[in-house]
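Accompanying notes for the structure given below.
The values are calculated or read from the model by the stated rules, or taken from the named source; none is laboratory data. Owing to the predicted nature of the structure, the values given are computational and were not obtained by experimental measurement. For neighbour counting, all protein chains shown are included, and Cβ atoms are generated from backbone atoms with ideal geometry for every residue, glycine included.
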Amino acid sequence: MRLIRLPEVRSLTGLSRTHIYRLVAAEEFPAPLKLGGGERTRASGWLEVEVLAWIESRIAERQSA
């Protein structure tokens, strides 16, 4: 299992930072994992497998339409 940071998520999806977080808020995109233990730590990352599954689901939607 591999964690990826926002720049790689953006590269894989072609989406902007804002759009990714809007999709996360709408529960339409995998939520990031908080990587730090403290309240001040804002570091987060996504499970690569979840992002790739999301991309695959988008492809499947297109093919079934």
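Within the range 3-20, not a single residue is assigned to a loop (DSSP other than H, G, I, E, B), at pLDDT below 95 and either surrounded by 10 or more Cβ atoms within 10 Å (Cβ to Cβ) or of a type in the set (F, W, Y) (or both).
For the range 37-58, filtered to residues that are small (G, A, S) and modelled with pLDDT under 85, the residue that is nearest to the chain's Cα centre (by Cα) is G37. When the range 31-53 is filtered for residues that are of a type outside the set (V, I, T) and under 14 Å from R10 (Cβ atoms), the ones remaining, listed by number, are P32, S44, G45, W46, E48. Contact annotation: no residue pair with Cβ atoms under 7 Å, 6 or more positions apart or on different chains, pairs a residue in the range 1-21 that is on the phi > 0 side of the Ramachandran plot with a partner that is in a loop (DSSP other than H, G, I, E, B). Please indicate, with yes or no, whether at least one residue in the range 27-47 is part of a helix (DSSP H, G or I), surrounded by 10 or more Cβ atoms within 10 Å (Cβ to Cβ) and touching a residue at least 40 places away in the same chain (Cβ under 8 Å). Within the range 27-47 (the criterion being part of a helix (DSSP H, G or I), surrounded by 10 or more Cβ atoms within 10 Å (Cβ to Cβ) and touching a residue at least 40 places away in the same chain (Cβ under 8 Å)), the answer is no, since none of the residues qualifies.
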